[in-house]
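Have a look at the structure below, then the notes.
What follows draws every value from the coordinates through simple rules; no lab data is involved. Here the structure is a predicted model, which is why all the values come from computation and not from measurement. Cβ sites come from the backbone with ideal geometry, for glycine too, and all protein chains shown count toward neighbours.
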Amino acid sequence: MSGSTLGHLFRVTNFGESHGPAIGCVIDGCPPGMALSEADIQPELDRRRPGTSRFVTQRNEPDVVEILSGVYEGRTTGTPICLLIRNTDQRSKDYGNILNTFRPGHADYAYLHKYGLRDPRGGGRASARMTAPTVGAGAVARKWLALQYGTTLDGHMTQIGDITVPFESMDHVPNNPFFAANASDIARIEAYMDELRRCGDSCGARIAVTARNVPVGLGEPLFDKLDASIAFAMMGINAVKGVEIGAGFASVAQRGTTHGDELTPEGFSANNAGGVLGGISTGQDITVSIAIKPTSSIRSPRQSIDLAGRPATVETFGRHDPCVGIRATPIAEAMLALVLMDHALRHRAQCGDVRVATPPIPAQGPRTDASAPLPP
């Protein structure tokens with residue numbers, strides 16, 4: 001199967017299936033000499049892990065990561081790093097009723113027509129479980145970026161279903177199961193999710209991700225623009241149906257006098273560009289927002305067809321998130337880290353010796369709050 005590798009110099013190849021013995025990835029291109037152990041990766045996997053609250057799938061996977069290669073005496077060797085995560089809580093029998101039908105909104109129908117067969121257990125390769133190795137690889141990229149440039153990444157939920165989640169403080173994100181930068185509306189979100197479960201329905205979500213202390217110059221015109229690579233990677237996350245960089249679709253209603261971020265010796269006046277101009281990073285914060293569709297696997301009866309094309313009714317059992325966006329924040333952060341590291345290595349390879357007389361200006365000007373994302 002093609003399409004399982006992301007990146008050029010920092011390449012991540014994802015393998016496994018939702019209900020197979022294990023999932024994982026091979027990371028090729030990580031520079032040698034960086035201290036790395038499972039302890040650097042496990043905290044990110046724990047943030048994404050299922051079964052952490054009543055609002056997500058109760059599949060009880062510990063998601064313990066093993067480093068099988070590419071590290072010797074605690075340091076990367078420059079050779080491929082293999083990360084393995086064993087599946088321990090599969091319940092394949094839950095999918096017996098969909099062997100001969102197709103779940104509406106899921107990959108079942110398209111997958112069968114492309115490959116001629118499919119693994120219906122949890123969606124196989126189309127399962128959101130396949131994002132766990134991506135988060136593991138993202139942890140490696142995050143550490144390298146932090147060591148090289150002081151780059152940090154954080155994300156949070158800005159909307160769930162029809163509930164907009166106002167930004168209060170990033171300090172709230174670790175303290176609720178929704179990755180919301182908010183403490184005031186958690187009870188309302190919990191009640192909303194409980195009602196969805198009772199109705200056998202699902203909803204979508206919107207996630208904002210920011211990368212800070214990103215070096216100037218990442219990205220290449222014309223088709224390898226940094227924002228194009230970011231959008232490509234984000235659309236590779238299961239259930240993502242929309243990506244915005246900076247002001248995104250709000251820029252349609254802006255005028256040029258508003259949208260164009262003015263430059264001053266003290267910094268940029270705003271960040272409508274989301275930290276990217278002409279496909280190249282400006283040194284400002286990279287701001288990304290993604291839209292995640294409602295979970296396709298729901299208990300409510302839905303019309304479909306069987307393998308022979310006859311009418312059928314589908315009810316999906318098993319353990320599923322009523323909103324897959326609840327656990328998407330660490331995934332989006334990981335994807336952004338992977339893209340930034342790949343472009344950083346590419347920039348270093350071609351333009352590492354470039355020097356210009358114009359001094360760098362601060363990432364943010366006096367009128368920008370770097371902690372608050374653009375509104376949805």
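Distance from the C-alpha centroid of segment 146-223 to that of segment 262-291: 20 Å, rounded to the whole angstrom. Each residue, residue 313 and residue 232, gets one label point 7 Å from its Cα in the Cβ direction; the gap between the two is 4.6 nm. Given points 7 Å out from each Cα along the Cα-Cβ axis, report the residue 306 to residue 262 separation in nanometres with one decimal. About 6.9 nm separates the two model spin labels. Each of 146, 8, 350 was scored by the projection of its Cα onto the charge dipole of the chain, and the greatest displacement toward the positive side belongs to 8; charges sit on the C-beta of Lys, Arg, Asp and Glu. Can you tally the lysine pairs in segment 5-351 where the Cα-Cα distance is under 23 Å and the two residues are eight or more apart, or on different chains? Number of lysine pairs found: 4. Relative to the dominant Cα principal axis of the chain, helix 226-235 is inclined by about 10°. Across segment 22-50, the residues whose backbone nitrogen lies under 19 Å from the label position 7 Å along the beta-carbon direction of residue 88 are 22-25, 38-50. About its Cα centre, the chain has a charge dipole of approximately 1000 debye under the convention of +1 per Lys or Arg Cβ and -1 per Asp or Glu Cβ, with nothing else charged.
With the dipole of segment 5-351 worked out from charges on the C-beta (+1 for Lys and Arg, -1 for Asp and Glu) around the Cα centre, which of 239, 258, 337 lies farthest toward the positive end? Looking along the dipole axis, the top candidate is 239.
Per residue, the Cα convex hull of the chain amounts to 148 Å³. Compared with the dominant Cα axis of the chain, that is its longest principal axis, helix 329-351 is turned about 40°.
Between residue 171 and residue 79, residue separation times 0.36 nm minus the direct Cα-Cα distance comes to 29.4 nm.
When GluC sites (Glu not before Pro) are flagged only if DSSP places them in a loop and at most 16 other Cβ atoms lie within 10 Å, the longest unflagged stretch of the chain comes out as 74-167. Taking a ≥ b ≥ c as the square roots of the eigenvalues of the alpha carbon gyration tensor, segment 117-223 is oblate, as a/c is not under 1.5 and a/b does not beat b/c. Mind checking the angle between helix 186-199 and the chain's longest principal axis? C-alpha axes, 0 to 90 degrees, to the nearest 10. Between helix and principal axis, roughly 30 degrees.
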